[in-house]
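One structure is given below, encoded as structure tokens.
The values are calculated or read from the model by the stated rules, or taken from the named source; none is laboratory data. Quantities reported herein were computed from a predicted structural model and do not represent experimental measurements. Here the Cβ is made from the backbone with ideal geometry for all residues, glycine too, and neighbour counts use every protein chain on show. These accessible areas exclude ligands, DNA and RNA; they are computed on the full protein's heavy atoms, side chains included. Shrake-Rupley method; radii C 1.70, N 1.55, O 1.52, S 1.80 Å.
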Amino acid sequence: MWYLATWLGGRVLPAPGTRLARVAMCVLGLAVLAAYISDAARESSHAEVLGADRGLIGFLVWVSLVVLTSAGIQERGRLDVLMRRVVVLGSVVAAIGFYDFFSGTNIADSVHIPGLQTSVAQVSVMDRGAFTRPRATTAQPLEFGGMLAILLPFAVQQAFDPVRHHLHWTRRWGPVLLIAGALPLTVSRTSIIGLLLVALVMVPRWKPARRWAAIGVMTASVAVFKVLVPGLIGTITGLFASFLSNSDSSTQARTVKYSAIVPYLEEHPLFGRGFGTFTPDRYFFTDNQYMLTLAEMGALGLVAMLVLFVAGIHQGGAVRRLARTEADRELGQAFFASSLVALVVSATFDSLSFPMFAGLFFLLLGAGGSLLGFVRGEAAGVAEPGAAKTSEHQLPQLVETR
């Protein structure tokens with residue numbers, strides 16, 4: 001509402017070239033509204049009606065994040081400050097994850113806000129093998145790993161940023177060590193897939209010296225984990241081995257859910273049952289955002305979701321192509337990698353059902369649009385003086401005559 005008031009009053013004007021993120025949200029909005037109407041047209045329960053209402057509220061939160069970051073940031077310096085603070089706060093969450101892992105507890109269970117009480121069932125400490133899976137202040141270890149995976153590219157980019165080279169190495173590389181180091185502690189395939197995607201997208205774009213140094217550091221990191229946390233690497237490799245052989249219990253449980261959700265998809269294939277209505281307490285966990293989107297918003301919702309991820313990937317790629325400096329190119333590559341990770345890991349858990357992952361994803365989507373606007377403005381500013389100089393040179397010279 002604040003943004004609409006300032007926009008209608010002419011106080012805030014969206015920067016040129018930032019429209020893509022907001023257009024993607026409009027597509028998602030059409031899918032959400034169509035699903036809301038679909039829920040109202042069928043005989044849904046009172047709980048599903050409330051779920052659809054909560055879905056609309058959540059969607060408005062996402063819209064606010066995208067609009068304020070893509071159109072409300074008027075200076076490039078403010079965007080850089082925002083990205084640095086996001087990485088710092090993500091590092092704090094990662095540090096809490098380290099505490100949970102080595103202490104075997106969950107620090108969030110000891111947080112009590114005066115005057116409030118929880119309205120959801122408490123999540124017990126989750127174990128896998130001999131290890132406690134941390135979730136820090138997130139709702140679940142999968143959300144913890146997914147959230148850190150989409151933040152890691154920006155931590156790496158800021159560590160290499162020449163503007164920050166005067167800082168002590170702990171301030172530059174501390175967030176990278178915390179975020180990247182916390183990912184294997186979740187003992188989940190989602191975190192490792194996200195970590196590998198970040199490496200595959202960012203490392204090949206670096207110069208050979210940096211590239212080989214990064215490969216050496218990653219190799220040494222595996223050895224460090226084998227020494228400091230015995231059995232962790234073996235447990236993780238065992239997860240992927242059991243997945244490939246289809247002998248893992250969690251993989252088999254997800255396969256059963258895929259067949260169980262088909263009847264719900266066939267009932268409302270185009271617009272779905274209603275965004276926010278396919279709740280675990282009434283149905284079951286899908287553990288796949290694409291399946292959940294098909295059930296709640298149908299084929300239209302699936303298209304809208306893919307548009308979101310593709311928009312984020314396109315924004316990062318466009319920044320990389322148009323940027324004038326190497327730092328901006330690497331930042332564009334970070335946005336590209338982050339959106340690609342979100343696209344892939346959404347097939348491993350219902351990502352947008354978790355508030356911290358969803359909020360961070362939409363904030364980064366809007367921030368990518370804002371960066372693209374600034375980069376396009378800089379590119380246009382470089383082109384215009386050259387064109388003006390050429391046209392001035394071609395003008396005939398006036399000579400005074402008597």
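Considering only residues that are in contact (Cβ under 8 Å) with a residue 40 or more places away in the chain and surrounded by 19 or more Cβ atoms within 10 Å (Cβ to Cβ), look in segment 294-306 and name the one that is farthest from Ala260 (Cα to Cα). Full working, then the answer.
Of all residues in segment 294-306, those in contact (Cβ under 8 Å) with a residue 40 or more places away in the chain come to 296-298, 300-301, 303-305.
Filter once more, keeping what is surrounded by 19 or more Cβ atoms within 10 Å (Cβ to Cβ): 296-298, 300-301, 304-305.
Numbers: Glu296: 15, Met297: 17, Gly298: 16, Leu300: 21, Gly301: 20, Ala304: 24, Met305: 22 Å.
Applying the filter and picking the extreme gives Ala304.
If you check Ala337 against the conditions, is it in contact with a Pro (Cβ under 9 Å, 6 or more places away or on another chain), open to solvent by 10 Å² or more (accessible area, probe 1.4 Å) and either of a type in the set (A, V, I, L, M) or not in a helix (DSSP H, G or I) (or both)? No; evaluated as a whole, the condition is false for this residue.
Is it fair to say Thr235 is under 20 Å from Ala347 (Cβ atoms) and out of contact with any strand residue (DSSP E or B) (no Cβ under 6 Å at 6 or more places or on another chain)? Explain how you work it out, then say what you get.
Working: under 20 Å from Ala347 (Cβ atoms): no; out of contact with any strand residue (DSSP E or B) (no Cβ under 6 Å at 6 or more places or on another chain): yes.
For Thr235, the condition - under 20 Å from Ala347 (Cβ atoms) and out of contact with any strand residue (DSSP E or B) (no Cβ under 6 Å at 6 or more places or on another chain) - is not met.
Yes or no, residue by residue, for (1) within 30 Å of Val319 (Cβ to Cβ); (2) not in a helix (DSSP H, G or I):
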site: Tyr3; (1), (2): yes, no
site: Pro14; (1), (2): yes, yes
site: Met25; (1), (2): yes, no
site: Tyr36; (1), (2): no, no
site: Gly55; (1), (2): no, no
site: Phe59; (1), (2): yes, no
site: Ser91; (1), (2): yes, no
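Of Leu28, Leu89, all but one fail to be closer than 30 Å to Val375 by Cβ, of a type outside the set (Lys, Arg) and in contact with a helix residue (DSSP H, G or I) (Cβ under 7 Å, 6 or more places away or on another chain); the exception is Leu28. Can you pull out the residues in segment 235-277 that are modelled with pLDDT of 85 or more and part of a loop (DSSP other than H, G, I, E, B)? Scanning segment 235-277 gives Pro269, Leu270, Phe271, Gly272, Arg273, Gly274, Phe275, Gly276, Thr277.
Rundown of residues vs (1) among the β-branched types (Val, Ile, Thr); (2) closer than 21 Å to Met83 by Cβ, yes/no style:
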| position | (1), (2) |
| --- | --- |
| Val125 | yes, no |
| Pro134 | no, no |
| Thr137 | yes, yes |
| Phe144 | no, yes |
| Ile150 | yes, yes |
| Ala159 | no, yes |
| Val163 | yes, yes |
| His166 | no, yes |
| Ala199 | no, yes |
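Segment 137-234 holds helices (runs of 4 or more DSSP H) entirely within its bounds, and those carrying 2 or more residues that are touching a residue at least 60 places away in the same chain (Cβ under 8 Å) and of a type outside the set (A, V, I, L, M, F, W, C) map to 141-160, 169-185, 189-202.
If we keep just the residues of segment 50-82 that are of a type in the set (Val, Ile, Thr) and surrounded by 18 or more Cβ atoms within 10 Å (Cβ to Cβ), which is farthest from Arg164 (Cα to Cα)?
First pass over segment 50-82, keeping only residues of a type in the set (Val, Ile, Thr): 57, 61, 63, 66-67, 69, 73, 81.
Next, only the ones that are surrounded by 18 or more Cβ atoms within 10 Å (Cβ to Cβ) stay: 63, 66-67, 69, 73.
Details: Val63: 32, Val66: 27, Val67: 29, Thr69: 23, Ile73: 22 Å.
Result: Val63.
Picking from residues in segment 307-324 that are of a type in the set (Lys, Arg) and assigned to a helix (DSSP H, G or I), the one that is surrounded by the most Cβ atoms within 10 Å (Cβ to Cβ) is Arg320.
Number of residues in segment 8-35 that are over 30 Å from Glu48 (Cβ atoms), open to solvent by 40 Å² or more (accessible area, probe 1.4 Å) and not aliphatic (A, V, I, L, M) equals 6.
Restricting attention to segment 66-124, the residues being in contact with a Ser or Thr (Cβ under 6 Å, 6 or more places away or on another chain) and free of Cβ contacts under 8 Å to residues at least 24 places away in the same chain number 0.
For residues that are of a type in the set (Asp, Glu) and touching a residue at least 24 places away in the same chain (Cβ under 8 Å), scanning just segment 1-52, find the one that is farthest from Ala380 (Cα to Cα). If we take residues in segment 1-52 being of a type in the set (Asp, Glu) and touching a residue at least 24 places away in the same chain (Cβ under 8 Å), then Glu48 is farthest from Ala380 (Cα to Cα).
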